[in-house]
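Taking it in order: structure first as C-alpha cells, then the write-up.
Readers should treat all values here as calculations from the given coordinates under stated rules, not as data from a laboratory. Here the structure is a predicted model, which is why all the values come from computation and not from measurement. All Cβ positions, glycine included, derive from the backbone under ideal geometry; neighbour counts span all protein chains shown.
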Amino acid sequence: MPDWNAVFVPTTALAEVMTRATLMYLFLFFAVRFLLKREGGAVNIADLLVIVAIVDGVGPAFSGSAQSVTEGIVFVLTVVFWSWFLNWLSFRFPKLTFLTAAKPVVLVKDGRMRRRAMAEALMTREELDQQLREQGVEKVEDVRLAVLEGDGEVSVVERR
C-alpha cells in the first residue's frame with residue numbers, strides 16, 4: 001500500500017523549493033546566456049535550460065527519494081514561470097532583449113574575416129571554415145556575409 005503522505009505532503013517548505021528553483025534557474029540562465037553563446041545550436045538556450053532543470057527537479061519526486069510529488073510540481077512550475085517571465089520581459093521591454101537573445105555578430109564581410117568579432121565570439125579560423133563548409137562554401141573569399149546568429153548558428157550569404 002503506497003504511503004500517500006510521502007507522495008503528496010512536502011518534506012521541505014514550498015517557499016524554499018521555489019527559492020531554490022528560482023536561484024538555480026537564474027544562475028544557470030545567466031551563466032549559459034553569457035558564457036555559452038555558441039553552444040546552443042538550433043535549440044534555444046533558455047528552452048534547453050528549462051528542460052534540464054525540470055528533469056533534475058522532478059527526478060527525486062519520481063524516484064521517491066526525499067521529495068514529494070508536490071515539491072517536484074512546485075519546482076517545475078517555478079522554473080517554467082521564470083522562463084516565461086524573462087521571455088515576457090524581453091518582449092515587453094525591447095531594451096531587455098539582451099537577456100534572452102544574443103546580438104548577431106558579423107564574422108565575415110565581403111570576403112574578409114573580422115578577427116576582432118571572431119575573438120569576441122571565441123571562434124577560431126578552423127571553426128569558421130567548418131561552418132562555411134557545412135553551408136557549402138569553400139573559401140572565406142566567396143562569402144559576402146557570415147553572421148553568428150543569436151541562437152548560435154552561423155548564417156552565410158555567398159558572393160554572386
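Observations, loosely collected:
- Within-11-Å neighbourhood charge of A13 [Cβ basis; K, R +1; D, E -1]: -1
- Working note: Karplus 6.51/-1.76/1.60 with θ = phi - 60° gives the range 122-134 the couplings 6, 10, 7, 4, 5, 5, 5, 4, 4, 4, 5, 4, 5 Hz, where Gly and Pro are set to x.
- Semi-axes of the equivalent ellipsoid for the range 75-124, computed as √(5λ) from the eigenvalues of its C-alpha gyration tensor and ordered from largest down, come to 33, 13, 7 Å.
- Distances between placed amide hydrogens fall under 5 Å for V108 paired with R114, A146, all partners being 5 or more residues away or on another chain.
- Distance between the pseudo-spin-label points of R159 and E127 (7 Å out from Cα toward the beta carbon): 2.5 nm.
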